[in-house]
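The block underneath contains the structure these notes are about, expressed in structure tokens.
Just so it is clear, none of the values below were taken in a lab; they were calculated from the coordinates. Computed from a predicted structure; not experimentally measured. Positions of Cβ are generated from backbone atoms using ideal geometry, with glycine treated the same way; all protein chains shown enter the neighbour counts.
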Number of protein chains: 2
Amino acid sequence: MSGLSELARGLSAPRGFVVASQAVSAPDAIRLVGGIPAPEVLPVEAIARASAALWQDPAAAVASLQYSAPHGSPGLRNWIAEREDVHPDRIVITNGGMHGLTLAVLTVVERGATVAVDDPVFPGFLWALEVATDRILPVPLESDGFDVEHLARRLAAGERIAAAYTVPDFHNPGQVCLSAAKRQALVELADRYGFHVIADDPYRELRFAGKDQGVGVFHDSDRVIHVNTFTKTLGPGWRVGWMVLPERLVEPVIRLRNRLDVHTGAVTQAIVERLVTAGDHWFDQLVAAAAALYRERAGVLAGALHERLPGVFDIRAPEGGLFLWVRLTDARLDPADLFRRAAASGVLYQPGEFFAADPRRRSSDRHLRFAYSDRTPGELREAVRRLAVAFTSG
Amino acid sequence: MSGLSELARGLSAPRGFVVASQAVSAPDAIRLVGGIPAPEVLPVEAIARASAALWQDPAAAVASLQYSAPHGSPGLRNWIAEREDVHPDRIVITNGGMHGLTLAVLTVVERGATVAVDDPVFPGFLWALEVATDRILPVPLESDGFDVEHLARRLAAGERIAAAYTVPDFHNPGQVCLSAAKRQALVELADRYGFHVIADDPYRELRFAGKDQGVGVFHDSDRVIHVNTFTKTLGPGWRVGWMVLPERLVEPVIRLRNRLDVHTGAVTQAIVERLVTAGDHWFDQLVAAAAALYRERAGVLAGALHERLPGVFDIRAPEGGLFLWVRLTDARLDPADLFRRAAASGVLYQPGEFFAADPRRRSSDRHLRFAYSDRTPGELREAVRRLAVAFTSG
């Protein structure tokens with residue numbers, strides 16, 4: 001009687017932290033939870049100007065209200081292509097990063113096929129992946145990213161995958177970047193075994209230390225789908241992102257995306273295009289200001305943890321992105337108990353187990369993910385103070 | 001080596017009119033082609049005001065730039081629910097009508113299942129349907145819509161379908177409305193055989209004659225997915241629409257839509273919400289003005305055809321919507337030849353064969369679809385003059 005498709009029946013319910021935490025947290029809890037841009041760096045005034053300019057230009061206004069190309073606005077694609085250093089034909093505008101991931105999955109992952117993923121993994125990807133499969137091959141995350149050698153051994157042993165998924169820059173949750181050498185090795189492995197690499201890169205612009213490991217090797221490959229978005233820079237509310245695709249995948253992705261919802265909103269694309277092309281370096285300045293703010297917040301958070309809870313965590317200083325991923329050093333501490341006490345003390349974070357790709361391996365059980373991006377330095381210090389209370393209340 | 005999923009391999013290339021016509025038409029051709037809103041009735045000034053008000057309200061501006069609920073903005077859902085006379089929980093905001101159709105298909109149509117569709121049919125639906133199946137059961141369109149008795153006989157004979165698709169108001173391309181009696185009969189049939197009805201209703205607001213056949217029977221049913229959109233009223237460029245869902249389908253649709261692209265853009269929803277809630281009757285006045293303009297254009301087109309090409313077409317006066325669907329009365333005329341001559345004379349329309357659900361039945365080969373919505377009265381008269389030239393040049 002339900003009449004649901006097998007696809008619909010196979011999609012799991014929301015789970016994990018969000019549901020759990022809402023039940024236990026104090027109303028004034030400090031949430032170090034989501035990868036959310038700081039309101040302070042969202043360019044509201046520039047948006048107001050770009051938006052007013054659009055509506056005051058009759059031809060552009062009417063054009064933005066009509067149908068437009070499924071690939072996206074040519075002007076926006078050109079601007080992105082220049083930044084990515086690829087031909088504009090290879091850029092497809094999406095409704096944000098998750099949309100790019102799902103389009104990639106539906107295009108290159110056969111139903112029921114296996115996909116290699118980081119362990120720990122961004123759980124949103126596993127969630128999206130269910131539109132095609134729930135068979136994953138967890139690949140350990142090392143200090144220089146996705147363990148390509150581990151995957152190579154599994155493939156040599158006969159395992160077959162449709163795709164390998166990783167977050168190459170400022171991994172969520174694992175904080176690390178994939179080294180240039182591993183990028184090259186991963187692309188070569190994809191060539192050898194005929195799978196696709198889905199490189200999910202929403203934090204890439206937000207570097208504030210260390211050295212960029214480069215995306216040219218991805219763009220030179222016929223096997224990499226590089227997914228990016230304006231979500232972490234201009235805001236999630238736009239739902240505007242992009243894919244850099246190998247040429248042969250552009251038409252298949254367009255055929256699919258055109259069916260799903262025709263094209264990304266032309267109004268939003270028109271405003272975003274006016275924003276990013278407003279001045280030669282407007283976007284560079286925006287992301288530089290955002291990165292500076294996130295560097296400060298990452299520093300405040302890590303510093304407060306060192307100061308108030310010395311030796312309690314293994315901490316590496318982030319080089320970019322929105323997250324601090326720390327490991328409890330004391331093996332006797334129960335992470336679930338700590339999480340409950342922290343929530344009761346008025347501080348929320350994501351417990352590491354939420355990010356486990358392989359629940360049996362329990363690789364991230366003893367980790368905590370702190371999102372520092374949308375909390376002020378004062379809030380971050382207060383959050384650590386409350387966390388220290390949670391430790392002493394145990 | 002291609003590595004494309006079966007889904008991606010199964011999606012057909014763009015086809016039909018658009019590709020063909022671009023090759024043959026004069027640069028100054030008058031296009032009576034797409035179901036596109038008239039630029040004159042797109043409320044650019046009101047949008048400019050709503051948009052400026054949003055960006056001048058710091059809290060609302062920042063909220064619109066962040067993540068929001070996958071169901072859509074509560075305010076916009078409430079406004080729609082009141083118009084639809086259903087509980088707001090049953091409204092899901094989509095990225096426009098096509099998105100609603102695809103979500104419906106992926107949620108209730110098993111891969112490879114059969115779906116009953118109007119014949120003639122909106123080809124965009126067959127295009128979207130390929131994400132699940134290419135097996136269709138064409139159901140003739142009568143002067144009062146989808147032939148429910150025909151479908152009942154096929155079902156009684158053992159045929160099984162996952163869903164039945166129709167455009168109940170101002171059918172595209174067939175111009176007709178589904179009668180109240182047939183709406184009731186279709187819903188009862190869906191109950192008896194356990195299929196879903198996908199009611200695609202983008203033109204519903206644009207009535208300028210005749211009597212509304214009502215959607216209450218759809219909303220009272222547990223079997224109807226009612227898909228609507230702001231595309232034909234506020235413009236396609238927003239990519240904002242909605243579904244009215246039976247309660248039991250809300251969660252499955254949300255699980256899917258959340259995976260595909262998280263949620264419809266919060267910026268666009270915030271502007272659209274401010275627009276439609278700007279005054280008690282703002283939207284009513286907008287659609288009334290649009291309907292009056294389309295009534296005039298439909299009248300000009302039909303009048304010019306009667307005057308310049310008397311007896312050449314069977315013509316029924318439209319009661320709403322954007323299209324005139326006429327049939328050639330002279331069986332000796334070759335429609336393909338006429339189309340080529342019309343294009344050479346500088347007028348483009350959609351030949352009927354493009355809309356055939358069952359190519360063998362050739363039910364619409366002798367029809368022409370004229371879209372009058374985005375052409376001025378002067379252009380419509382000139383288009384008919386050119387069409388008359390095409391007839392005499394044969």
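A crude spin-label estimate for the pair B:Y193 and B:D28, with each label 7 Å from Cα along the Cβ direction, gives 5.3 nm. Note on A:A336 and A:A52: the model spin-label points, each 7 Å out from Cα along the C-beta direction, lie 5.6 nm apart.
What does the charge count around B:R341 come to, taking other residues whose C-beta lies under 13 Å from its C-beta (Lys +1, Arg +1, Asp -1, Glu -1)?
Within the 13 Å Cβ shell, the charges total 0.
Under 5 Å between amide hydrogens, built in the peptide plane, is the criterion, and for A:L137 it picks out A:V115, A:A116, A:V117 among residues at least 5 positions away or on other chains.
Take B:H281, move 7 Å from Cα toward the beta carbon, and the resulting point lies 5.6 nm from the same point in each other copy, nearest first.
Label point of A:R361 (7 Å along Cα→beta-carbon): distances to the other copies' equivalent points are 5.5 nm, sorted ascending. Applied to the range B:370-376, the Karplus parametrisation 6.51 cos²θ - 1.76 cosθ + 1.60 on θ = phi - 60° returns per-residue 3J(HN,Hα) values of 9, 8, 9, 4, 9, 10, 6 Hz, with x for Gly and Pro. When you restrict to C-alpha pairs under 8 Å that are six or more residues apart and normalise by the size of the range B:232-353, the relative contact order lands at 15 percent.
Anything in chain A that counts as a DSSP H helix reaching 18 Å or more along its axis (C-alpha) with Kyte-Doolittle mean of at least -1.0? List them, would you? Correct list, ordered by number: A:180-193, A:247-261, A:282-308, A:377-392.
Distances between copies at B:A292, taken between label points 7 Å from Cα along the C-beta direction, are 5.5 nm in increasing order. Here the calculated FRET efficiency for A:E296 and A:K211, from their Cβ-Cβ distance with R0 = 22 Å, stands at 0.60, rounded to the nearest 0.05. In a fully extended conformation the segment linking A:T277 and A:S2 would gain 94.0 nm over its present Cα-Cα distance, using 0.36 nm per residue. Charge tally around A:A270: other residues with Cβ under 15 Å, Lys/Arg +1 each, Asp/Glu -1 each, net +3.
Tell me whether chain A comes out rounded, prolate or oblate; compute the Cα gyration tensor, take square roots of the eigenvalues as a ≥ b ≥ c, and use a/c under 1.5 as the rounded threshold. Oblate, because a/c is 1.5 or more while a/b does not exceed b/c.
Given R0 = 51 Å, the distance between the Cβ atoms of B:A156 and A:V250 translates into a calculated FRET efficiency of 0.65. Taken over the protein assembly as shown, the convex hull of the Cα atoms encloses 160 Å³ per residue. Scanning residues 5 or more positions from A:Q350 or on other chains, those with amide H under 5 Å from its amide H are A:R369, A:A371, with H placed 1.01 Å from N in the peptide plane.
Shown in residue order for the range B:350-367 are the 3J(HN,Hα) couplings computed by the Karplus curve 6.51 cos²θ - 1.76 cosθ + 1.60 at θ = phi - 60°: 9, x, x, 4, 4, 9, 5, 6, 10, x, 6, 6, 6, 5, 10, 4, 9, 9 Hz (x for Gly and Pro).
Please report the net charge: other residues with Cβ closer than 11 Å to the Cβ of B:L7, K and R +1, D and E -1.
Once positives and negatives cancel, what remains is +2.
Normalised by the number of residues in chain B, the average gap of Cα pairs under 8 Å and 6 or more apart makes the relative contact order 24 percent.
Rg ratio for the range B:287-394: its Cα radius of gyration over 2.2 N^0.38 Å, N being its residue count, equals 1.05. For A:F313, the residues whose amide H sits under 5 Å from its own are A:T329, ignoring neighbours fewer than 5 places away on the same chain, with H placed 1.01 Å from N. Its Kirkwood hydrodynamic radius, worked out from the mean inverse distance over all distinct Cα pairs, puts the range B:67-276 at 17.1 Å.
Over all orientations, the range A:71-139 has a Cα convex hull whose mean projected area works out to 5.3 square nanometres. A Gaussian network model of chain A, with springs between Cα atoms under 10 Å, assigns the largest mean-square fluctuation among A:L333, A:L293, A:L249 to A:L333. The phi-based Karplus calculation (6.51 cos²θ - 1.76 cosθ + 1.60; θ = phi - 60°) puts the 3J(HN,Hα) values of the range B:321-331 at x, 10, 10, 10, 10, 10, 10, 5, 7, 8, 5 Hz, whole numbers, x for Gly and Pro. Residue separation of A:L309 and A:V62 scaled by 0.36 nm, minus their Cα-Cα distance, works out to 83.1 nm of gained length.
Each Cα pair under 8 Å and six or more residues apart adds its separation to the average, and for the range A:68-276 the resulting relative contact order is 28 percent. Taking 7 Å steps out from each Cα toward its Cβ at A:T329 and A:D284 produces label points 4.2 nm apart.
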